1. Running a GNM on the chain with Cα contacts under 10 Å, which residue among P93, P190, P176 ends up with the highest mean-square fluctuation?
2. Using a 10 Å cut-off around each Cβ, can you sort H325, H6 from fewest to most neighbouring Cβ atoms?
3. When the chain is modelled as a GNM with alpha-carbon springs shorter than 10 Å, which of D284, D188, D208 fluctuates the most?
4. Calculate one ³J(HN,Hα) per residue across region 59-69 by plugging θ = phi - 60° into the Karplus curve 6.51 cos²θ - 1.76 cosθ + 1.60, and present them in order as whole Hz with x for glycine and proline.
5. Note down, for the chain, the three equivalent ellipsoid semi-axes (square root of 5 times each alpha carbon gyration tensor eigenvalue), biggest first, whole angstrom.
6. What trypsin sites (Lys or Arg not before Pro) in region 143-237 are in a loop by DSSP, with at most 10 other Cβ atoms within 10 Å of the Cβ?
7. I need to check one value: relative contact order of the chain, counting alpha carbon pairs closer than 8 Å and at least 6 residues apart, in percent.
8. To the nearest 20 debye, what charge dipole does region 1-83 have about its Cα centre, counting +1 at the Cβ of each Lys and Arg and -1 at the Cβ of each Asp and Glu?
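The numbers here are math on the coordinates, done by the rules we state, and not lab data. Treat the numbers as computed from the prediction; the structure is a model and nothing was measured. Cβ: placed from backbone, ideal geometry, glycine included. Neighbour counts: every protein chain shown.
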Amino acid sequence: MNGNVHKRVHALIGVFLKSPQLKDRITRDIEKTVQLSLSSWMDKSRLVYLQDETKKITFEILVRVLLSIGPGEEMDLLKGEFEEFIKGLICLPIKLPGTRLYKSLQSKEKLLKMVRRIVEERKMDMEKTEEKDLPNDVIDVLLRDAGESAGTHCIPLDFISGNIIEMMIPGEETVPTAMTIAVKLLTDNPTALARLVEENMELRRRKDHGCEKYAWMDYMTLTFTQNVINETLRLANIINAVWRKALKDVKIKDYFIPEGWCVLASFSSVHMDGINYENPYEFDPWRWDKTGAAVTSNIFTPFGGGQRLCPGLELSRLEIAIFLHHLVTTYRWVAEKDEIVYFPTVRMKRRLPITVAPLQQ
Ligand code: HEM
């Protein structure tokens, strides 16, 4: 997506995902999903593969934010087709029955049909009612814009369905990878883990004492927890680079990039440069105490920057903070030996097997 439509859709989605109303509401949903999931890990007298389990948590939240679908048959169906679809995003480009690409395209068709039906039903409901409540999900946001600008330059319904599926891609792998890698790095750094537990326990005690619910701001203002998130994304972000194509000749500093050339902007090169970070290969959440857990700067761009800055930035930080809070204040875990793999994408070699036990109070 490029040009004016991109700008408009990006702005609409960005405003919605950042809105305090969404964060307020989604905090409850994230807490429920995380708590339910964590408690189920103990039922199993088997190893929990963190990389797989965190994916289940974040997919549930993602489809709630995008389409307001909750757990059940419809979500399972959507998840099944989506998993088949993304397998084909990096594969041999052979489109014959039985190949990965063929199956992936078939699943994309099914996904589009499912989402289009939901969008159409929602549109009919919207036409029946004059109420203008706050939007519930991304479908609402885009449909309202399509309705408000009808006759001018509106967003077509097919485009809305396609956009919902496109948004599932950046939202699907990124957050669970960050959650999993954070647990790995904390396991290997007991001092950092102890500080994280201390900060989160302090919040939990305050909340328990006042019998208060958590607000999204409670999680976002946990300074050390946000430092841990920053440091995790600096060291091992699944999106370690982005591609850009020069639409015209460009000169950047002393480099000339001719029209049509592609450039790979490598975030990890900047994040691991000793000029920018002292001892760059060390997991040191305290380093962010000096700079503050800056969301983005020229030397810290896990969420990209400029016109394509990730609209899911704050939602992701909230999800990871809630996950870490409930994990460290309620459970203890023992991780089996595993290592971070950086190529072709960042992941755990063995999907990070752990055993989980309740915390002895
Ligand atoms: C730790 C989690 C995440 C990381 C590290 C991350 C990182 C990024 C990066 C680097 C980009 C820029 C890509 C580019 O410049 O070409 C991006 C774009 C995007 N992200 Fe995220 N993301 C995360 C989570 C999410 C979530 C949860 C959502 C959805 C709810 C999301 C939705 C998007 C969308 C729609 C774009 C495209 C923006 C545009 O081109 O206008 N991301 N993300």
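1. In the Gaussian network model the winner is P93.
2. Working: H325 23, H6 12.
Arranged by neighbour count, lowest to highest, H325, H6 become H6, H325.
3. D208
4. Values per residue, Gly and Pro as x: 5, 4, 6, 4, 6, 5, 5, 7, 10, 6, 8 Hz.
5. Values: eigenvalues 212, 148, 99 Å².
Ellipsoid half-lengths, sorted descending, are 33, 27, 22 Å.
6. Counting only loop positions with at most 10 other Cβ atoms within 10 Å, the trypsin sites (Lys or Arg not before Pro) in region 143-237 are K213.
7. On the way: 420 pairs, mean separation 80.5, N = 361.
Relative CO of the chain lands at 22 percent.
8. Numbers: 13 positive and 12 negative charges, 98 e Å.
Using only the charged Cβ atoms, the result is roughly 480 debye.
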